[in-house]
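Asks: The structure that follows is given in the form of structure tokens.
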Amino acid sequence: NASVTTNGSVSRILSLDSNNVEILEDGKTINDVIDGKIKELSAVDNEEPFYVLSLDSMLKRHLRWLTNLPRVKPFYAMKCNNTPTVVRMLMALGTGFDCASKAEIQLALSLGVTPDKIIYAHTTKPMSHIRYACNHRVDVMTFDSEGELLKISLCHPQAKLVLRIAVDDSKSLVRLSSKFGARMSSVGKLLEQAGELGLEVIGVSFHVGSGCTGSLAYKQAIADARYVFDVASLLGFQMRLLDIGGGFSGIGDFQEKFEEFSEVINAALDKYFPPGSGVEVIAEPGRYYVESAFTLAVNVVAKRVVADEVDEQNNAERNSPDKAMMYYINDGVYGSMSCITFDPAHSKLEPYLHRAVDSSEPTYPSVIWGPTCDSIDKVTENYWMPELHVGEWLLIDNMGAYSVSVSTDFNSFERARIYPVVTAKTWQALNLSRTYSIIH
Ligand code: PLP
């Protein structure tokens with residue numbers, strides 16, 4: 001049983017949204033929305049790709065967070081998906097935000113996020129971005145080197161600093177510690193340097209890597225952070241913030257283990273930073289909040305039948321005729337699906353047909369290409385599916401993480417539009433009372 005206290009009126013915050021959130025009345029589903037959008041688009045001779053964003057999905061994730069990690073305040077990592085509706089929804093739910101740059105800070109502030117709800121969590125910042133943070137009273141920021149301390153002392157001497165440490169990221173799909181984080185052997189010297197520059201260090205952060213598959217990484221990292229707190233306290237710093245970073249899975253097997261991960265994290269927090277120790281604990285979840293909330297719809301714009309590429313043995317087994325398929329869709333690796341190239345959690349996408357498929361339809365080995373001129377723009381290959389026709393639509397679930405925020409318009413293909421939706425039940429509950437509960 002979890003409850004969330006919203007930050008004032010959710011409808012007021014979201015109604016400022018130029019993306020116009022659609023409220024789903026009378027049992028209307030996301031599939032109905034997709035059907036409707038496809039009809040609307042074809043009526044105006046348009047077949048551009050689009051996403052449907054489920055705010056119900058984001059709310060569910062938030063409640064799950066609050067239930068399992070009650071001591072840890074989420075500061076959503078905007079780099080993961082900077083869609084204004086996502087930011088507004090989380091702002092309404094009362095989360096903070098992890099910003100990586102001046103533009104992310106600008107966006108958060110322009111949407112109404114207050115500076116005290118922002119951590120500037122990048123350890124290597126351009127000086128103009130640090131000055132921007134200073135001018136807009138964004139004070140909490142991370143560092144991991146002497147050079148960064150010098151820059152901060154010049155550009156934002158009143159900053160409240162968080163020392164990012166390198167931790168064991170070997171159990172994560174995307175590793176980060178080779179690039180960011182001070183080694184344990186250098187934290188003493190760095191803290192001394194901060195003291196000499198008259199800077200205030202208030203805490204420690206780490207990131208176990210994105211898509212973390214082993215909960216013990218958090219346990220060890222929290223123990224390491226305790227050590228740094230002790231060193232810093234001896235040097236006279238008033239340490240009061242622990243930031244346990246991101247890494248929480250949004251889909252797949254490891255998101256099922258969120259409860260198990262939470263138990264390990266809570267136990268480590270209770271051991272090293274017990275309640276009453278005066279330490280505020282935050283995290284920087286990205287994909288956890290948005291990955292499952294976005295469904296992408298793409299259109300088949302071209303097709304080639306390739307007779308000689310068939311794997312005959314596979315073919316015989318599947319009782320298919322003698323042909324293979326190549327389809328060209330209107331979104332790809334340079335657009336919403338760059339995750340294929342850099343995100344092991346998404347290296348294999350599984351598009352499925354929007355229309356109903358009869359189980360007797362034969363399937364064919366298919367290559368699906370993205371729209372650009374480049375042959376790296378391949379969405380999937382040797383993928384068995386029923387025959388598609390030009391103009392048909394494919395859907396891909398769980399496309400919310402590192403998709404929208406990483407896409408380009410290479411070849412000037414339009415980026416996918418985003419249509420946010422929320423069920424009437426969730427909408428009413430969020431707006432009728434400031435406290436919203438669900439039973440899990
Ligand atoms: N915080 C920092 C500093 C990051 O670099 C990242 C991702 O790279 C995140 C948070 C979000 O990570 P995730 O999406 O795995 O939760």
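Asks: Out of 159, 223, 194, which single residue is over 24 Å from the mean Cα position of the chain (by Cα) and under 30 Å from residue 344 (Cα atoms)?
Replies: 223
Asks: Return the only residue of 127, 78 being among the aliphatic types (A, V, I, L, M), crowded, with 24+ Cβ neighbours inside 10 Å, closer than 22 Å to residue 179 by Cα and in contact with a Cys (Cβ under 6 Å, 6 or more places away or on another chain).
Replies: 78
Asks: Can I ask one more? Out of all the residues in region 141-161, is one or more within 13 Å of the ligand (Cβ to nearest atom) and over 14 Å from residue 207 (Cα atoms)?
Replies: Yes - at least one qualifying residue is present in region 141-161.
Asks: Any residue in region 224-238 that's under 18 Å from residue 200 (Cβ atoms): show its pairings with residues that are among the β-branched types (Val, Ile, Thr) and assigned to a helix (DSSP H, G or I) at Cβ separation under 7 Å, as long as the two are six or more apart or on different chains.
Replies: 228/187; 231/187
Asks: While we're looking at this one, here's another question. Within region 73-85, can one find any residue that is in contact with a helix residue (DSSP H, G or I) (Cβ under 9 Å, 6 or more places away or on another chain), more than 12 Å from the ligand (Cβ to nearest atom) and aliphatic (A, V, I, L, M)?
Replies: Within region 73-85, none of the residues are in contact with a helix residue (DSSP H, G or I) (Cβ under 9 Å, 6 or more places away or on another chain), more than 12 Å from the ligand (Cβ to nearest atom) and aliphatic (A, V, I, L, M).
Asks: Also: All but one of (1) in contact with a helix residue (DSSP H, G or I) (Cβ under 6 Å, 6 or more places away or on another chain); (2) farther than 27 Å from residue 261 by Cβ; (3) within 16 Å of the ligand (Cβ to nearest atom) hold for residue 182, so report the exception by its number.
Replies: (2)
Asks: Okay, next question. Name the one entry in 245, 214, 236 that is within 16 Å of the ligand (Cβ to nearest atom) and surrounded by fewer than 23 Cβ atoms within 10 Å (Cβ to Cβ).
Replies: 214
Asks: Here is a further query. Kindly evaluate residue 232 against the criterion of being part of a helix (DSSP H, G or I), in contact with an Asp or Glu (Cβ under 9 Å, 6 or more places away or on another chain), in the same structural domain as residue 258 (by TED's automatic domain parsing) and under 25 Å from residue 69 (Cβ atoms).
Replies: no
Asks: Which is modelled with pLDDT under 95 and in contact with a helix residue (DSSP H, G or I) (Cβ under 7 Å, 6 or more places away or on another chain), of 88, 175, 131?
Replies: Going through 88, 175, 131 in turn, the sole match is 88.
Asks: Mind counting the residues in region 410-440 that are of a type outside the set (Ser, Thr, Tyr) and at pLDDT 75 or above?
Replies: Residues that pass the stated criteria total 15.
Asks: Those residues that are closer than 20 Å to residue 117 by Cα and not in a helix (DSSP H, G or I), I need them from region 127-154; list them, please.
Replies: 136, 137, 138, 139, 140, 141, 142, 143
Asks: Continuing with the same structure: Can you tell me which residue among 424, 416, 324 is away from the ligand (no atom under 16 Å from the Cβ) and surrounded by fewer than 18 Cβ atoms within 10 Å (Cβ to Cβ)?
Replies: 424
Asks: Pull out all pairs, ordered by first then second residue, where Cβ-Cβ is under 8 Å, the residues are six or more apart or on different chains, the first lies in region 358-382 and is in contact (Cβ under 8 Å) with a residue 24 or more places away in the chain and within 25 Å of residue 399 (Cα to Cα), and the second is part of a loop (DSSP other than H, G, I, E, B) and among the β-branched types (Val, Ile, Thr).
Replies: 365/310; 370/333; 372/333; 374/333; 376/333; 377/333; 378/333; 379/333
Asks: Looking for something touching a Pro at 6+ places or on another chain (Cβ under 9 Å), part of a helix (DSSP H, G or I) and crowded, with 17+ Cβ neighbours inside 10 Å - is there at least one such residue anywhere in region 109-121?
Replies: yes
Asks: Could you tell me which of the residues 26, 17 is under 30 Å from residue 113 (Cα atoms) and modelled with pLDDT under 90?
Replies: 17
The values are calculated or read from the model by the stated rules, or taken from the named source; none is laboratory data. These figures come from a predicted structure and were not determined experimentally. Cβ: placed from backbone, ideal geometry, glycine included. Neighbour counts: every protein chain shown.
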